[in-house]
Amino acid sequence: MLSTLKTSILWRFLNETKAITTTTICVKNYQHRRRLNTTTRIFSDRSNIILMGSPGSGKSTVARILAKKLNKPSIDIDNDILEPMWGVKISEKLKEKGSKHFIEEEGKALMTVKAENSIISLTGSNPLHDEAMRYIANTGYVIFLDYPAKGILQRLHKMKIDRIVGQEIGTPLTDILEHRQMTYEQAYDIRILCEENESPESVSEKVIEALAVLEEDQGYVSTRQDKDSVSVQERTSLGEILLQGLAPDGGLYVPALQIPCLSKGEWSRLVNMSYRDRALRIMERLINPCDLHPSKLRLFLERAYNNETFSHEKIFPVRHLKDNHFLLELFHGPTASFKDAALQLMPQMFVDALRHNEFKTDSSRYIILVATSGDTGSAVLDGFRRHAEGSGVGVIVLFPEHGISEVQRLQMTAMSGGNVQVLGIDGDFDLCQGMVKRAFQDQDLASWLSNNGNFRLRYKNAANSITWGRLLPQIVFQVSGYLDLVEQKVISLGDEVDVCIPTGNFGNILGAFYAQAMGIPFRRLVCASNANNTLTEFINSGVYDIRSRQIQKTQSPAIDILKASNLERFIYHKSDRDSQLVRKCFKELEENQCFEVSGQLLEDIQKSLVGKWCSEAECVTTIKNCFETTGYLLDPHTAIAKFVADLVNDVDVPMIINATAHYSKFAPQVLRALGHKKDIKDKSMSELFDMAHKITDSPGMHSRLEECIKSSDISEKVLKPNYEDVERAIKIFSHKI
Ligand SMILES: *Cc1c(COP(=O)(O)O)cnc(C)c1O
């Protein structure tokens with residue numbers, strides 16, 4: 001709808017070369033913010049800049065300033081259109097007509113506006129008229145001046161305003177404004193998050209900057225792609241990179257523009273908001289509205305983070321553990337690990353991208369094949385089952401029957417059905433991976449699928465942890481964890497905190513790094529590893545060496561990883577986007593299983609990262625000690641982080657420890673750590689859950705996981721490790737989508 005139209009508008013002005021106006025942009029008020037070139041081209045297109053916002057938000061003043069700065073005509077709907085047209089004051093017209101008719105007439109009047117390349121300042125009630133709003137929105141960008149309600153009220157009282165729709169029948173101003181806010185929330189392309197008492201001058205600068213960002217935005221680039229090789233015409237959209245996963249040159253996608261930085265005043269607006277509201281405001285700064293319109297993003301967020309998907313009303317709550325340690329509980333989602341944060345949202349974006357990029361030209365349906373061990377499988381299954389059913393996308397997860405934990409296996413098999421299916425393979429992870437690769441190369445299978453329902457197979461990169469679609473949501477919970485500490489008054493906004501994260505593929509900690517880039521004052525990012533401690537070695541020496549290493553099986557299997565793929569993004573940013581260096585490092589890693597960084601780069605890396613590790617025995621003691629001193633039961637991954645947090649602790653600075661999984665996901669391990677040995681030997685998983693349940697309610701039992709385990713069909717069939725069986729299963733599955 002709106003967004004496709006907007007895309008064409010954006011394309012027009014991106015492709016237009018001649019600039020009508022140049023302007024100097026002053027950024028001195030926002031030292032944090034992205035520095036623009038001193039002269040930046042603004043809008044060489046016919047499209048309007050349409051200002052929307054509550055009465056009292058200063059639209060008219062901002063419009064006047066913008067008109068002057070950008071050398072464009074400005075139109076104030078109240079003063080330039082309505083009053084001359086009606087020949088009476090707005091307040092009189094409102095009294096005469098009553099709200100309903102007033103809005104109607106106002107809407108009709110708006111639809112007579114034929115402006116181009118102008119600054120249009122809407123009335124506060126224009127957005128209440130759907131048709132008129134659609135009309136005007138199609139002529140340019142709707143910019144929402146989102147002022148804090150408190151400030152608006154003060155201003156309106158001071159101005160003794162008497163011409164607001166609803167006022168004439170005595171509706172309290174607070175109610176009117178609340179309702180308005182909801183209407184505006186549905187109708188904008190770009191939100192300007194205004195600070196308390198922010199001046200119109202400053203707001204107008206933000207508008208110009210937001211538009212400049214749109215104009216300059218070249219979408220996404222690969223970490224291995226030379227900066228100069230990117231041209232405007234080749235803009236890679238969010239949809240394209242979601243579908244692609246890995247870049248064709250083997251690199252990872254990152255935004256071409258610098259990560260936006262929010263000011264303290266902007267962050268303070270988010271402190272008392274719900275998780276979803278925070279998420280929307282953070283993500284809309286990271287996503288071009290032409291790629292994913294905020295109205296759609298809002299909808300996706302509502303579906304992803306709600307009472308049904310998450311069992312905690314705060315979604316990812318922060319709780320005090322002991323002294324300066326706080327736990328960011330990331331396990332209240334449907335599959336009890338932090339992977340749910342990304343996988344409740346990403347499939348919706350993925351399906352949307354398919355619709356806009358590929359379904360547009362063909363009617364294919366898709367089967368995504370994933371080989372997985374660990375927590376990703378169940379999170380992918382739940383995400384695609386819940387959010388992609390009926391969309392023409394199905395998922396098959398192949399897992400090694402003996403390479404995953406009992407709980408993970410039960411969880412996955414319980415979820416099979418509808419548009420998702422699991423195939424247990426009597427072999428190891430590499431074998432599953434091999435089957436997936438073979439299926440993609442299998443021409444006979446491809447033509448069979450395309451003749452029997454027009455199916456295509458898509459590679460597993462679509463869902464694994466290197467896709468930008470999984471990183472985005474992980475930035476949000478890191479920010480939110482910090483804001484929660486502010487909300488709980490543990491810290492004041494701007495105070496520094498440390499974060500400690502059990503790290504495998506470096507995806508979660510990269511979210512914290514981006515949060516830091518956005519202005520969240522994380523002092524140290526503490527990277528916690530288990531015995532597979534390549535990252536610890538790298539951070540401390542600059543050498544990433546896996547030549548003599550083999551994966552060690554530990555009690556924290558989700559971080560049993562040797563190649564932390566997302567590290568590539570981190571090195572890219574830390575080296576100031578030196579794609580040549582990135583290419584060199586990761587080529588060496590592929591060819592020689594080793595690379596090294598040194599000098600300034602290593603120093604910079606060590607300035608932001610601290611790397612330590614925790615042995616198997618230490619993990620056990622940590623679970624036990626923490627339980628004895630606090631009553632809180634940690635899962636083995638969180639225990640790794642807790643141990644490392646103790647190693648590097650600074651009592652004066654709060655430490656946010658990421659609790660990445662619920663302990664019950666690893667019930668046998670944690671029970672053993674608490675000293676249960678013989679008495680758990682022959683017990684079923686369901687009995688182990690009951691045992692753990694009796695021991696503690698801190699944190700509470702994960703009821704979704706418990707249900708899942710108890711209902712799981714244990715008699716699930718395991719396939720022999722031969723390809724023909726897998727191929728047959730794919731064909732049968734294709735009939736079900
Ligand atoms: C995936 C996972 C991790 C590791 O996260 P990365 O983004 O790969 O660093 C840590 N803990 C748990 C429980 C996980 O499932």
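Values quoted throughout were computed directly from the atomic coordinates according to the rules given, and no laboratory measurement underlies them. All of these numbers come straight from a predicted model, not from anything done at the bench. Note that each Cβ is placed from the backbone with ideal geometry, even for glycine, and that neighbours are counted across all protein chains shown.
Please give every one of the aspartates and glutamates within straight-line cross-link reach of LYS314, meaning a C-alpha to C-alpha distance under 19 Å, and leave out same-chain neighbours fewer than 8 residues apart. Straight-distance partners of LYS314: ASP277, GLU302, GLU329, ASP340, ASP484, GLU487, ASP697. Here the label points at HIS101 and LEU647, each 7 Å from Cα along the C-beta direction, are separated by 7.6 nm in the simple model.
Amide H contacts for GLY374 (H built 1.01 Å from N in the peptide plane; partners 5 or more residues away or on another chain; cut-off under 5 Å): SER405.
Between ASP130 and LYS678, take the C-beta separation as r, use R0 = 56 Å, and let me know the FRET efficiency to the nearest 0.05.
0.20
Apply the Karplus curve 6.51 cos²θ - 1.76 cosθ + 1.60, θ = phi - 60°, to the phi angles in region 83-98 and return the couplings in whole Hz, x for Gly and Pro. Taking θ as phi minus 60°, the curve returns 4, x, 5, 8, x, 9, 5, 4, 4, 5, 4, 5, 4, 5, 8, x Hz for region 83-98. Local charge for VAL420 was computed over the other residues whose Cβ lies under 11 Å away, with Lys and Arg +1 and Asp and Glu -1, and equals +1.
At an R0 of 60 angstrom, the distance between the Cβ atoms of SER450 and ASN306 translates into a FRET efficiency of 0.95. Taking each residue as 0.36 nm, the span from LYS720 to GLU116 lengthens on full extension beyond its C-alpha to C-alpha distance by 210.8 nm. Compared with the direct C-alpha span, the chain from ASP226 to GLU389 gains 54.7 nm at full extension, assuming 0.36 nm per residue. Rounded to the nearest Hz, the phi-derived 3J(HN,Hα) couplings of region 615-631 under the Karplus curve 6.51 cos²θ - 1.76 cosθ + 1.60 (θ = phi - 60°) are 7, 4, 5, 5, 4, 4, 4, 5, 4, 5, 4, 5, 5, 5, 8, 10, x, where x marks glycine and proline. Look at the alpha carbon pairs under 8 Å that are at least 6 residues apart: their mean separation over the length of the chain gives a relative contact order of 12 percent. Across region 666-677, coupling constants 3J(HN,Hα) worked out from phi with the 6.51/-1.76/1.60 Karplus curve, θ = phi - 60°, read 10, 3, x, 5, 6, 5, 4, 4, 7, x, 7, 10 Hz, and Gly and Pro carry x. Given the pairs LYS339/LYS665; LYS93/LYS160; LYS489/LYS607; LYS607/LYS642; LYS624/LYS683; LYS563/LYS612, which are separated by over 19 angstrom at their Cα positions? From LYS339/LYS665; LYS93/LYS160; LYS489/LYS607; LYS607/LYS642; LYS624/LYS683; LYS563/LYS612, over 19 Å: LYS489/LYS607; LYS607/LYS642; LYS624/LYS683. Among 646-657, 238-249, sorting by the average number of other beta carbon atoms lying within 10 angstrom of each residue, highest first, gives 238-249, 646-657. Length gained on full extension, ARG438 to LYS731: 104.0 nm, using 0.36 nm per residue less the C-alpha separation. Each label point was placed 7 Å from the Cα along the Cα-to-Cβ direction; for SER598 and ARG355 their separation is 5.4 nm.
For region 268-315, what log10 I(q)/I(0) values come out of the Debye formula at q = 0.13, 0.14, 0.24, 0.29 1/Å, with one point per alpha carbon and no solvent? Each listed q corresponds, in turn, to -0.31, -0.35, -0.88, -1.07. What is the local net charge at ARG180, summed over the other residues whose Cβ is closer than 13 Å to its Cβ (Lys, Arg +1; Asp, Glu -1)? With Lys, Arg at +1 and Asp, Glu at -1, the net is -3. What does the net charge come to around SER274 if you take all other residues with beta carbon closer than 10 Å to its beta carbon, with K and R at +1 and D and E at -1? Combined, the nearby Lys, Arg, Asp and Glu give +1. Here the simple spin-label model places points 7 Å from the Cα toward Cβ, and for GLU616 and LEU153 these points are separated by 6.1 nm. At an R0 of 41 angstrom, the distance between the Cβ atoms of ASP428 and ILE491 translates into a FRET efficiency of 0.35. If you bin the C-alpha pair distances of the chain every 20 Å from 0, what whole percents do you get? Bins of 20 Å from zero give 16, 47, 30, 7, 0 percent of pairs. Per-residue packing, averaged as other Cβ atoms within 10 Å, sorts the ranges 133-142, 193-202, 545-554 into the order 133-142, 193-202, 545-554, beginning with the highest. Peptides 299-307, 158-166 ranked from most to least packed, by the mean per-residue count of other Cβ atoms within 10 Å: 299-307, 158-166. Amide hydrogen proximity for VAL526: with H placed 1.01 Å from N in the peptide plane, the residues at 5 or more positions away or on another chain lying under 5 Å are VAL499, CYS500, ILE501, VAL610.
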